[in-house]
Amino acid sequence: MMSKNDVKTKKDRSIRPALTGVICFALVAIIAISIPLYRHRQYVKFTSELSSLTTRAGGKGAVTCEMDGGTSGVSPDAAYEIYAKLIFSEMKKHVKPDPALAEGGLRLTYGLLGGELTLAPAEYQGEEALYVEFHSRDMDYTYLAPHLRYGDFRVLIR
């Protein structure tokens, strides 16, 4: 015959797997929620940083562009238009920096403020996309923007 202690021990053992399952589910849910929130915070920081650089350097005509082996100035209107196109585009996929891909693009330098933006043609799910690589004193951020065409940005610079 079982004593009360044996029954209590059996109940304790049956609770452990359920408790372990609840804890595992909670951890997975926290991770699943925190990763998109972290990426969104990074995107907000990127847009804020690019806005600041565009306002300070773009307004003074201090944005330069390296493209096709040459360097030229970027008009304040073009700097603001580039900013607007990037901010209002869809950021589809956060990606790692790709030096080979960045070589085929154009590089904007925001004066002495320490900001650099590289735009290059890319492909996402079989369609044309834009590779965006941003470096500043405070952050590095790289992503793919579908529905944006590299040619549209080249036209703005010339």
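Every read-out reported here was derived from the displayed coordinates using simple, explicitly stated rules and does not represent laboratory data. Quick caveat: nothing in here was measured; it's all calculated off a predicted structure. For neighbour counting, all protein chains shown are included, and Cβ atoms are generated from backbone atoms with ideal geometry for every residue, glycine included.
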Checklist entry - Taking Rh as the Kirkwood radius computed over C-alpha pairs, what is the Stokes-Einstein D of the chain at 4 °C in a medium of viscosity 1.567 mPa s, expressed in µm² per second? => result 71
Item to check | Unsatisfied cross-links (Cα-Cα over 23 Å) in the set Lys45/Lys96; Lys60/Lys92; Lys60/Lys93 | outcome: Lys60/Lys92; Lys60/Lys93
Item to check | Additional length obtainable on full extension of the chain from Lys93 to Arg154, 0.36 nm per residue less Cα span | outcome: 19.7 nm
Next on the checklist: Just to be sure I understand the rule: take each whole DSSP H helix in the chain, project its Cα atoms onto its long axis, keep it if the span is 15 Å or more and its mean Kyte-Doolittle hydropathy is at least -0.5. Which ones pass?
Outcome noted: 4-53, 76-87
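Quick check: from the Cα gyration tensor, does segment 32-96 come out rounded (a/c under 1.5), prolate or oblate? List each step's numbers first, then the result.
Working: a/c = 2.87, a/b = 2.00, b/c = 1.43.
In terms of gyration-tensor shape, prolate.
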Item to check | Among Ala79, Ser48, Gly21 - extreme Cα towards positive end, dipole of the chain, charges at beta-carbon | outcome: Gly21
Checklist entry - What order do you get for 112-122, 37-47 when each peptide is scored by the mean count of other beta carbon atoms within 10 Å, highest first? => result 112-122, 37-47
Next on the checklist: Amide H of Ser75 versus every other amide H placed in the peptide plane: which residues, excluding those fewer than 5 positions away on the same chain, fall under 5 Å?
Outcome noted: none
